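Below are the C-alpha coordinates for one structure; questions will follow.
The values are calculated or read from the model by the stated rules, or taken from the named source; none is laboratory data. In this text, all values refer to a predicted model and were calculated from it rather than measured experimentally. Here Cβ is always computed from backbone atoms with ideal geometry, including for glycine, and neighbour counts include all displayed protein chains.
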Amino acid sequence: MKKSIQLLLAVSFVTFSSCKQNSETNAETAKTTAATETTDTGQSGVKDETSSPNIVQVASGSKDHTTLVVAVKAAGLVDALSNAGPFTVFAPTNAAFDKLPAGTVDGLLKPEKKGDLENILGYHTYVGTLKIEYMQDDQEFDMVYGGKVKITKKGDKTFVNGSEIVASIPTSNGIIHVIGDVLLPK
(Lines give C-alpha, C1' and ligand atoms only; values in the text may rest on other atoms or scores of the structure.)
Protein backbone atom coordinates (compact mmCIF):
# COMPACT_ATOMS: atom_id res chain seq x y z
CA MET A 1 0.00 0.00 0.00
CA LYS A 2 2.87 2.30 0.84
CA LYS A 3 4.33 1.73 -2.67
CA SER A 4 0.96 2.55 -4.25
CA ILE A 5 0.79 5.88 -2.40
CA GLN A 6 4.37 6.73 -3.41
CA LEU A 7 3.58 5.86 -7.03
CA LEU A 8 0.41 7.97 -6.91
CA LEU A 9 2.34 10.91 -5.46
CA ALA A 10 5.03 10.59 -8.14
CA VAL A 11 2.46 10.53 -10.95
CA SER A 12 0.65 13.52 -9.41
CA PHE A 13 3.91 15.47 -9.18
CA VAL A 14 4.81 14.77 -12.82
CA THR A 15 1.28 15.71 -13.95
CA PHE A 16 1.33 18.93 -11.91
CA SER A 17 4.74 19.94 -13.27
CA SER A 18 3.62 19.26 -16.80
CA CYS A 19 0.45 21.35 -16.38
CA LYS A 20 2.41 24.23 -14.87
CA GLN A 21 4.90 24.16 -17.77
CA ASN A 22 2.04 24.14 -20.35
CA SER A 23 0.32 27.10 -18.70
CA GLU A 24 3.61 29.08 -18.70
CA THR A 25 4.11 28.23 -22.39
CA ASN A 26 0.52 29.26 -23.18
CA ALA A 27 0.97 32.53 -21.29
CA GLU A 28 4.17 33.28 -23.24
CA THR A 29 2.45 32.44 -26.55
CA ALA A 30 -0.43 34.77 -25.66
CA LYS A 31 2.03 37.62 -24.91
CA THR A 32 3.83 37.08 -28.24
CA THR A 33 0.53 36.98 -30.15
CA ALA A 34 -0.70 40.17 -28.47
CA ALA A 35 2.56 41.98 -29.30
CA THR A 36 2.32 40.90 -32.93
CA GLU A 37 -1.30 42.01 -33.20
CA THR A 38 -0.52 45.49 -31.90
CA THR A 39 2.34 46.11 -34.33
CA ASP A 40 0.55 44.90 -37.50
CA THR A 41 -2.75 46.73 -37.59
CA GLY A 42 -4.98 47.63 -40.48
CA GLN A 43 -5.19 46.18 -43.95
CA SER A 44 -1.62 47.17 -44.79
CA GLY A 45 -0.40 44.88 -41.99
CA VAL A 46 -1.83 41.78 -43.67
CA LYS A 47 0.96 39.66 -45.10
CA ASP A 48 -0.07 37.47 -48.01
CA GLU A 49 2.49 36.02 -50.38
CA THR A 50 -0.01 34.37 -52.75
CA SER A 51 -2.44 37.18 -53.67
CA SER A 52 -1.89 39.80 -56.34
CA PRO A 53 -0.42 43.03 -54.94
CA ASN A 54 -2.71 45.96 -54.11
CA ILE A 55 -2.30 49.59 -55.19
CA VAL A 56 0.07 50.51 -52.35
CA GLN A 57 2.22 47.42 -52.84
CA VAL A 58 2.52 48.03 -56.60
CA ALA A 59 3.38 51.71 -56.09
CA SER A 60 5.89 50.82 -53.38
CA GLY A 61 7.68 48.56 -55.84
CA SER A 62 8.00 51.32 -58.47
CA LYS A 63 11.18 53.40 -58.55
CA ASP A 64 9.19 56.09 -60.41
CA HIS A 65 6.63 56.55 -57.61
CA THR A 66 8.75 56.93 -54.46
CA THR A 67 7.51 60.49 -53.85
CA LEU A 68 3.89 59.38 -54.18
CA VAL A 69 4.45 56.52 -51.72
CA VAL A 70 6.07 58.89 -49.21
CA ALA A 71 3.09 61.24 -49.59
CA VAL A 72 0.56 58.41 -49.13
CA LYS A 73 2.36 57.36 -45.93
CA ALA A 74 2.56 60.95 -44.64
CA ALA A 75 -1.16 61.42 -45.26
CA GLY A 76 -1.97 58.21 -43.39
CA LEU A 77 -3.69 56.66 -46.41
CA VAL A 78 -1.77 53.37 -46.67
CA ASP A 79 -4.53 51.33 -45.02
CA ALA A 80 -7.30 53.04 -46.97
CA LEU A 81 -5.61 52.31 -50.31
CA SER A 82 -4.78 48.74 -49.23
CA ASN A 83 -8.45 47.90 -48.60
CA ALA A 84 -10.61 45.92 -51.01
CA GLY A 85 -11.69 48.92 -53.05
CA PRO A 86 -11.93 48.94 -55.95
CA PHE A 87 -10.03 52.18 -56.54
CA THR A 88 -8.60 54.01 -59.51
CA VAL A 89 -5.50 56.03 -58.71
CA PHE A 90 -4.04 58.55 -61.13
CA ALA A 91 -0.43 58.19 -60.00
CA PRO A 92 1.98 61.06 -60.68
CA THR A 93 5.59 60.04 -61.24
CA ASN A 94 8.53 61.47 -59.30
CA ALA A 95 9.18 63.73 -62.32
CA ALA A 96 5.63 65.06 -62.02
CA PHE A 97 6.24 66.07 -58.41
CA ASP A 98 9.53 67.67 -59.48
CA LYS A 99 7.56 70.03 -61.76
CA LEU A 100 5.89 71.64 -58.74
CA PRO A 101 7.43 74.85 -57.36
CA ALA A 102 10.47 74.28 -55.16
CA GLY A 103 9.57 73.37 -51.57
CA THR A 104 5.96 72.40 -52.36
CA VAL A 105 6.37 68.68 -51.71
CA ASP A 106 8.48 69.23 -48.57
CA GLY A 107 5.87 71.65 -47.27
CA LEU A 108 3.02 69.21 -47.89
CA LEU A 109 4.85 66.43 -46.05
CA LYS A 110 4.85 68.41 -42.79
CA PRO A 111 2.40 67.09 -40.16
CA GLU A 112 0.49 70.39 -40.04
CA LYS A 113 -0.24 70.08 -43.79
CA LYS A 114 -1.66 66.54 -43.56
CA GLY A 115 -5.18 67.74 -44.43
CA ASP A 116 -3.98 69.51 -47.58
CA LEU A 117 -1.98 66.44 -48.59
CA GLU A 118 -5.03 64.19 -48.05
CA ASN A 119 -7.10 66.49 -50.28
CA ILE A 120 -4.53 66.46 -53.08
CA LEU A 121 -4.10 62.69 -52.94
CA GLY A 122 -7.86 62.23 -52.70
CA TYR A 123 -8.18 64.26 -55.89
CA HIS A 124 -6.08 61.54 -57.56
CA THR A 125 -8.34 58.73 -56.30
CA TYR A 126 -11.68 57.48 -57.60
CA VAL A 127 -13.81 54.83 -55.87
CA GLY A 128 -14.36 52.24 -58.58
CA THR A 129 -12.34 50.88 -61.48
CA LEU A 130 -11.96 53.19 -64.47
CA LYS A 131 -10.48 51.19 -67.30
CA ILE A 132 -8.96 53.31 -70.01
CA GLU A 133 -10.86 51.50 -72.78
CA TYR A 134 -14.17 52.58 -71.25
CA MET A 135 -13.25 56.24 -70.73
CA GLN A 136 -14.98 58.63 -73.13
CA ASP A 137 -14.05 62.09 -74.35
CA ASP A 138 -15.43 64.85 -72.08
CA GLN A 139 -16.39 62.42 -69.31
CA GLU A 140 -16.09 63.72 -65.75
CA PHE A 141 -15.59 61.72 -62.58
CA ASP A 142 -16.11 62.74 -58.93
CA MET A 143 -12.98 62.08 -56.93
CA VAL A 144 -12.69 60.93 -53.31
CA TYR A 145 -11.99 64.33 -51.70
CA GLY A 146 -14.24 66.38 -53.94
CA GLY A 147 -13.76 67.91 -57.31
CA LYS A 148 -14.10 66.34 -60.71
CA VAL A 149 -11.52 65.25 -63.21
CA LYS A 150 -12.16 65.50 -66.92
CA ILE A 151 -11.20 62.86 -69.44
CA THR A 152 -10.20 63.85 -72.96
CA LYS A 153 -9.24 61.68 -75.91
CA LYS A 154 -6.89 62.60 -78.73
CA GLY A 155 -6.54 59.73 -81.18
CA ASP A 156 -5.51 56.69 -79.19
CA LYS A 157 -4.24 58.77 -76.25
CA THR A 158 -6.25 59.41 -73.09
CA PHE A 159 -5.77 62.39 -70.79
CA VAL A 160 -7.01 63.26 -67.31
CA ASN A 161 -7.17 67.03 -66.74
CA GLY A 162 -4.77 67.39 -69.67
CA SER A 163 -2.19 64.94 -68.30
CA GLU A 164 -1.60 61.91 -70.51
CA ILE A 165 -2.17 58.47 -69.04
CA VAL A 166 1.10 56.81 -70.04
CA ALA A 167 0.51 53.39 -68.47
CA SER A 168 -2.25 51.42 -66.76
CA ILE A 169 -1.47 48.77 -64.16
CA PRO A 170 -4.19 46.47 -62.82
CA THR A 171 -3.94 45.60 -59.11
CA SER A 172 -5.86 43.34 -56.77
CA ASN A 173 -7.96 46.26 -55.54
CA GLY A 174 -8.29 48.44 -58.64
CA ILE A 175 -6.10 50.09 -61.22
CA ILE A 176 -3.24 52.58 -61.34
CA HIS A 177 -3.01 55.03 -64.24
CA VAL A 178 0.47 56.54 -64.43
CA ILE A 179 0.45 60.26 -65.28
CA GLY A 180 3.13 62.90 -65.79
CA ASP A 181 1.55 65.71 -63.76
CA VAL A 182 0.23 66.29 -60.25
CA LEU A 183 -3.51 66.98 -60.50
CA LEU A 184 -4.61 70.02 -58.54
CA PRO A 185 -8.27 70.55 -57.63
CA LYS A 186 -9.91 73.37 -59.53
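Residue-by-condition table, conditions (1) in contact with a Gly (Cβ under 9 Å, 6 or more places away or on another chain); (2) free of Cβ contacts under 8 Å to residues at least 60 places away in the same chain; (3) farther than 19 Å from residue 73 by Cβ:
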site	(1), (2), (3)
105	no, yes, no
109	no, yes, no
112	no, yes, no
137	no, yes, yes
162	no, yes, yes
171	yes, no, no
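Sticking with this structure for a sec: Got a number for residues in the stretch 53-66 being under 8 Å from the mean Cα position of the chain (by Cα) and either farther than 15 Å from residue 175 by Cα or surrounded by 22 or more Cβ atoms within 10 Å (Cβ to Cβ) (or both)?
Here the count works out to 3.
Are any residues in the stretch 67-89 under 28 Å from residue 133 (Cβ atoms) and either buried (at least 20 other Cβ atoms within 10 Å of the Cβ) or in contact with a helix residue (DSSP H, G or I) (Cβ under 7 Å, 6 or more places away or on another chain) (or both), and if so, which ones?
The answer is 68, 69, 72, 77, 80, 81, 82, 83, 85, 87, 88, 89.
Taking the condition of being closer than 16 Å to residue 175 by Cα, modelled with pLDDT of 95 or more and not β-branched (Val, Ile, Thr), how many residues in the stretch 69-97 meet it?
Qualifying residue count, the stretch 69-97: 5.
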